[in-house]
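In what follows, a single structure is set out as structure tokens and then discussed.
Derivation of every value follows stated rules applied to the coordinates shown; laboratory data play no part. No experiment lies behind these values; they were computed from the predicted model shown. Backbone-built Cβ (ideal geometry, glycine too); neighbour counts: all protein chains shown.
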Amino acid sequence: MNYNFDEVIERRKTNSAKWDGVLKLFGDKDVLPMWVADMDIKAPPPVIEALKKRAEHGIYGYPLRPTSYYDAFIDWIRRHHDWKVEKEWLTFSPGVVTGLSVMILALSRPGDGVLVQPPVYYPFFDLIENNGRQVVNNPLILEDGRYYMDFEDLEKRAGDNIKLMILCNPANPVGRVWEEEYLQRLGEFCLKNNIILISDEVHSDIIYSRFKHTPTATISKELAQRTITCMAPSKTFNLAGLQSSVIIIPDQDLRNRYKQLLKNIHIDMDNVFGMAAFESAYKFGEDWLTEFLIYLHKNLEFTIRYFEEKIPGIKVIEPEATYLVWLDCRGLGLNTRELKDFMIKKAKVGLDDGSIFGQGGEGFQRLNIACPRKTLEKGLRRIEAAVNSMVSSKR
Ligand SMILES: Cc1ncc(COP(=O)(O)O)c(C=O)c1O
């Protein structure tokens, strides 16, 4: 191992949402934060070097994306996801969520339906509702510890005035890597019903070794023309605070509509640090990612074993992708309020409560395992102690 992922780095007093936001969010400064999707792990050294170099230049005027920026991304996507992306298809968004909001505004009208598959990344709901569109749910089905799309239900949604679908591929929080046949069927549904498919693929580089990510747009040429793909180095290399994402839109008309709105609200300009980090990550981050994924896999195995052996009342839904682990806590027999209180007040861990992820999320919690093993173990020990104490007090 060339990188020390075991290093515990103090993040308090760094203006970190995850760590410095604990008191406000959970009401107790001693809660161990294992919620929002960033890592307690340093970014790849070449990225840190690129940022230092850029900082030392001392002039931070308006930036311009160079050809090397595009080349770094195009090359990464070709090598990692077998997808030949053209430079002209690429456009920008600060964060992926900003881009999703722009898409909703640019490509649908107030009152239109936007399809989602809960339990799913909760800002999707806010974006749709706050922009005056309607959430149309096509809930995932949980069967024997694995999630599946419900195509029978999907067909019933066809009449719901749906203009857009926001797909999470791979899926957060359920950790599912969608296979080609699922994407194919979903794509057929969208094409048949004239729905633009927005594929949020921000987690597509965090894939466990037995699985392979399929970019939705690679399913067919026809589907590529109706698909908008969101990617970023933010999750892959832990750069979320640098706010630099890429939006891939092969169809010229859709691309123009997206870009026009981006321009109208003047958020099409990158930031100098985000750009420097983006390019160096995709160019030089490969070794780091390879090693990080091995470390993460061990964290996952540790987590699975820990729950199996010491906290059997909580079942781990084994993720195929993402560093987010979806915990089935229904066996604890607590309602939504009680479960949330239990994790915060009794276990003193700050997780994401399952209910925020929409239908099917009640009784679940989302745990972020992208941290040094020691931190992970600390969190799991806290949950174990709280569960044991609850069980013994019931006896
Ligand atoms: C599916 C998904 N999309 C988007 C984001 C965040 O995007 P950004 O911070 O770039 O707006 C996350 C973060 O957890 C996510 O899980």
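I need the calculated FRET efficiency for the pair Lys84 and Gln184, taking r as the beta carbon distance and R₀ as 22 Å, to the nearest 0.05.
The formula returns an efficiency of 0.70 here.
With each pseudo-label sitting 7 Å past Cα toward Cβ, what's the Lys346-Arg65 distance in nm, one decimal?
It is 4.9 nm.
Just flag the GluC sites (Glu not before Pro) in segment 65-138 sitting in loop per DSSP whose Cβ has no more than 15 other Cβ atoms within 10 Å.
Sparse-neighbourhood loop GluC sites (Glu not before Pro): Glu86.
Hey, what do the phi angles of segment 192-203 turn into as Karplus ³J(HN,Hα) couplings, whole Hz, using 6.51/-1.76/1.60 and θ = phi - 60°, x for Gly and Pro?
So the J values, rounded to whole Hz, are 4, 9, 6, 10, 7, 9, 9, 10, 7, 10, 5, 9.
Over what distance in Å are the Cα centres of segment 168-207 and segment 105-125 separated?
If we compute the Cα centre of each part, the gap is 14 Å.
So the label point goes 7 Å from the Cα of His266 along Cα→C-beta, right? Which residues of segment 61-90 then have their backbone N under 14 Å from it?
Residues passing the 14 Å test: 62.
Please give the length that would be gained between Ser220 and Ile304 if that part of the chain were fully extended, namely 0.36 nm times their separation in residues minus their C-alpha to C-alpha distance (nm, one decimal).
Stretched fully, the Ser220-Ile304 segment lengthens by 26.6 nm.
If you place +1 on the Cβ of every Lys and Arg and -1 on the Cβ of every Asp and Glu, how big does the dipole about the Cα centre of the chain come out, in debye to the nearest 20?
Value, rounded to 20: 1000 debye.
For Thr91, Thr303, what's the fewest-to-most ordering of other Cβ within 10 Å of each Cβ?
Going from sparsest to densest Cβ surroundings: Thr91, Thr303.
Compute the relative contact order of the chain as a whole-number percentage, counting only Cα pairs closer than 8 Å that sit 6 or more residues apart in sequence.
Value for the chain: 24 percent.
For a bin width of 10 Å, list the pair-distance distribution of segment 7-132 built from all Cα-Cα distances, rounded to whole %.
In whole percents, the pair-distance histogram is 9, 22, 32, 29, 7.
Please give the length that would be gained between Asp287 and Ser393 if that part of the chain were fully extended, namely 0.36 nm times their separation in residues minus their C-alpha to C-alpha distance (nm, one decimal).
Gain on extension, Asp287 to Ser393, equals 33.3 nm.
Name the residues whose placed amide hydrogens come within less than 5 Å of the amide hydrogen of Leu32, ignoring near sequence neighbours (fewer than 5 apart) on the same chain.
Under 5 Å from the amide H of Leu32 lie the amide H atoms of Val349, Gly350, each far enough along the sequence or on another chain.
Of the beta bridges DSSP finds with both residues in the chain, what % are antiparallel, to the nearest 5?
So the antiparallel bridges in the chain amount to around 55 percent.
Over segment 268-312, one equal point on each Cα, no solvent: what is log10 I(q)/I(0) by the Debye formula at q = 0.28, 0.30, 0.33 Å⁻¹?
-0.91, -0.95, -1.01
Give the shape of segment 330-395 as rounded, prolate or oblate, defined through the alpha-carbon gyration tensor: a ≥ b ≥ c are the square roots of its eigenvalues, a/c under 1.5 means rounded, and otherwise the shape is prolate if a/b is larger than b/c and oblate if not.
oblate
Please state the shape class of the chain: rounded when a/c is under 1.5, otherwise prolate if a/b exceeds b/c and oblate if not, all from the C-alpha gyration tensor.
oblate
Which loop trypsin sites (Lys or Arg not before Pro) in segment 208-309, with loop taken from DSSP, have no more than 11 other Cβ atoms within 10 angstrom of their Cβ?
Here the trypsin sites (Lys or Arg not before Pro) that fit, given the DSSP loop and packing criteria, are Arg210.
Neighbouring Cβ atoms within 10 Å as the yardstick, rank Met149, Met1 fewest first.
Least crowded to most crowded, the residues run Met1, Met149.
Among Arg12, Arg395, which comes first, then next, by fewest other beta-carbon atoms within 10 Å?
Final ranking by Cβ density, sparse to dense: Arg395, Arg12.
Provide the percentage of antiparallel DSSP beta bridges, counting only those with both residues in segment 158-297; round to the nearest 5.
25
In terms of the Cα gyration tensor, with a ≥ b ≥ c the square roots of its eigenvalues, is segment 99-229 rounded because a/c is under 1.5, prolate because a/b exceeds b/c, or oblate?
The shape class here is rounded.
For segment 381-395, list residues with backbone N below 18 Å from a point placed 7 Å from the Cα of Asp30 toward its Cβ?
Under cut-off, by backbone N: 381-390.
Lysines within cross-link reach of Lys156: Cα-Cα under 25 Å, excluding same-chain residues under 8 positions apart?
Lys192
Expected output is a single nm value to one decimal: the length gained when fully extending between Gln252 and Arg12, i.e. 0.36 nm times separation in residues minus the C-alpha distance. What is it?
Value of the extension gain: 81.9 nm.
For Ala385, project a label point 7 Å along Cα to C-beta. Then give me every residue of segment 19-50 with its amide nitrogen under 14 Å of that point.
30-32
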